[in-house]
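**Q** Okay, handing you the structure first.
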Amino acid sequence: MAIAMLTSSFGVSAQTTLHVASAGSQNMVDYVRTYLAPKFEATHPGVTISVVGTGPGDAGSQKIYEKLAAQQQSHRAHWDIDVAVVHQKMGGEMVEKGLLSRYRSDIANGKLVSTQSARNALGVNVDGYVMPMFQSQTAIAYNSDMVPNPPKSYAQLVKWVHQHPKAFGYNGIKHGMSGVSFVTGWIYKYGSSAKKLSTKPYNPQLKNSWKEAFHKLKEFNQYVTFTPGNAGTLDMLNRGEIFMGPVWVDMFYSWKDAGKLPPSLKLDLIAPGMPGQPMYYVIPAKASHKKLAEEFINLATSPQVQANGIVKRFNWYPGIDAKYVKPELNRAVWNKLFKEITPEDLANYAKSFPLAAYMDDIKEGYESQVNN
């Protein structure tokens, strides 16, 4: 959606209008519009929520960034976005450019968050400026009928694919982020640690130490099946064409709920870990209705809403600490999301994606040293 449409959507209303701009897929926009907005409006008479979607991926967050930057440069006293939902990378860039307000300590549910991603956005200190809406995560799906003892680490996986050629599948690095996540986890194991690659300053020479990691990956790829994308990996797992592969956790469970995957398919998060990423709730630095924006985000990050909206509806991991959400979930729902990958597993093995510059180095290295 063009930025011009953002402007035209924020018209004048007789009521107080809280303007929410959301990057991400349409289901995220619908979630704010049909679930969060009615809840908030019911407790705030005279307030209307106006929701605008800016599109999926980093491009959607980029549109919000450009909108706020333009208003900053025009020296407007009040900006016409009150709450934004943005990707992790753009959240950090917005903080660096002075586009966001620090607010987390001002809302009650701010103290329910301790995840590293609430403090660090790909090397940028965002502590206080963001509240995670949810945490997305990648993991290894496997057919437990065919793989009764799945690998617990990348090193064990390497041995497994040699024993079971073509039974592991992933979508490379160009056809979906589950494959990108797998390759990133490979570099965390055989190249540089997740901590180093997620921390500034960027060292352009570091990629020179990854040659052996890429060599190992090229050899590994001789024993795998390449899938056509995120959904393609799940399709091939469902049809029994592969027995194991990296997937997005929320997508995996949504397919299971829809009966598109057999009960034998399960998840494992292998050491030293694989990356995922949050979406952030942020408040622009000169939001017209900052107090209302804080109240809206406090509602959206409450244990009840995180349980019923985030976990039950979408199979996402909650943005706040899971221990606060557990009392709001029945045992079946909790076990579905946390039995195979426990909160402890997430604490140990859920990693951040690297700095954008390192991510570019990983992609370039894959193309030049693995795909050549």
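**Q** Gain in length, Gln163 to Asp127, computed as 0.36 nm per residue apart minus the alpha-carbon separation, to one decimal in nm?
**A** 8.4 nm
**Q** In addition: Could you work out Rg/(2.2 N^0.38 Å) for region 257-372, with Rg from alpha carbons only?
**A** Cα Rg divided by the expected 2.2 N^0.38 Å: 1.37.
**Q** A further question follows. Put +1 on the Cβ of every Lys and Arg and -1 on every Asp and Glu Cβ in the chain; which of Tyr65, Ala213, Pro263 then has its Cα farthest towards the positive end of the dipole?
**A** Of Tyr65, Ala213, Pro263, it is Ala213.
**Q** Something else: Once you charge only the Cβ atoms, +1 for Lys and Arg and -1 for Asp and Glu, what is the size of the charge dipole of region 45-187 about its Cα centre, to the nearest 20 debye?
**A** So the dipole magnitude of region 45-187 works out to roughly 320 debye.
**Q** Please say if region 81-194 is rounded, prolate or oblate, where rounded means a/c under 1.5 for a ≥ b ≥ c the square roots of the C-alpha gyration tensor eigenvalues, and otherwise the choice is prolate for a/b larger than b/c and oblate otherwise? Don't skip to the end; give the middle numbers.
**A** Working: a/c = 2.85, a/b = 2.41, b/c = 1.18.
In terms of gyration-tensor shape, prolate.
**Q** Where the accessible area of the chain is counted over protein heavy atoms with a 1.4 Å probe, how much of it, in %, is carbon and sulfur?
**A** After summing per-atom areas, the C and S share lands at 51 percent.
**Q** Students often forget the sequence filter, so: which aspartates and glutamates lie under 12 Å Cα-Cα from Lys290 once same-chain residues fewer than 8 apart are removed?
**A** Counting by Cα, and skipping residues close in sequence, Lys290 has these aspartates and glutamates nearby: Asp80, Asp82, Asp106.
**Q** Explain nothing, just the number: relative contact order of region 98-195, from Cα pairs under 8 Å at least 6 residues apart, as a whole percent.
**A** 16
**Q** Also, I was wondering about something else. Probe of 1.4 angstrom, ligands and nucleic acids ignored: what's the accessible area per residue over the chain, in square angstrom?
**A** 41
**Q** Here is a follow-up. For volume of the Cα convex hull per residue in Å³, several values are listed as (1) 141; (2) 185; (3) 133; flag the one computed from this structure.
**A** Only one listed value fits the structure, namely (3).
**Q** Counting only C-alpha contacts under 8 Å and six or more residues apart, can you give the relative contact order of the chain as a whole percent?
**A** 24
**Q** How charged is the neighbourhood of Thr227? Take every other residue with its Cβ under 10 Å from the Cβ of Thr227, and add Lys/Arg as +1 and Asp/Glu as -1.
**A** With Lys, Arg at +1 and Asp, Glu at -1, the neighbours total -2.
**Q** To the nearest 500 deg cm²/dmol, what mean residue ellipticity at 222 nm is calculated for the chain from DSSP H runs of n ≥ 4 alone, each contributing -39,500 (n - 2.57), summed and divided by the residues?
**A** Computed ellipticity for the chain at 222 nm equals -11000 deg cm²/dmol.
**Q** What residue among Ala357, Ala121, Ala322 shows peak mean-square fluctuation when the chain is described by a Gaussian network model with Cα springs under 10 Å?
**A** The residue with the greatest mean-square fluctuation here is Ala357.
**Q** Restricting to Cα pairs below 8 Å that are 6+ residues apart, what does the relative contact order work out to for region 259-372? Please round to a whole percent.
**A** Relative contact order for region 259-372 comes out at 38 percent.
The values are calculated or read from the model by the stated rules, or taken from the named source; none is laboratory data. Quantities reported herein were computed from a predicted structural model and do not represent experimental measurements. Neighbour counts are summed over all protein chains in view; Cβ atoms, including those assigned to glycine, are modelled from backbone coordinates with ideal geometry. We work out accessible area using only protein heavy atoms, side chains counted, and drop any ligands, DNA or RNA first. Shrake-Rupley method; radii C 1.70, N 1.55, O 1.52, S 1.80 Å.
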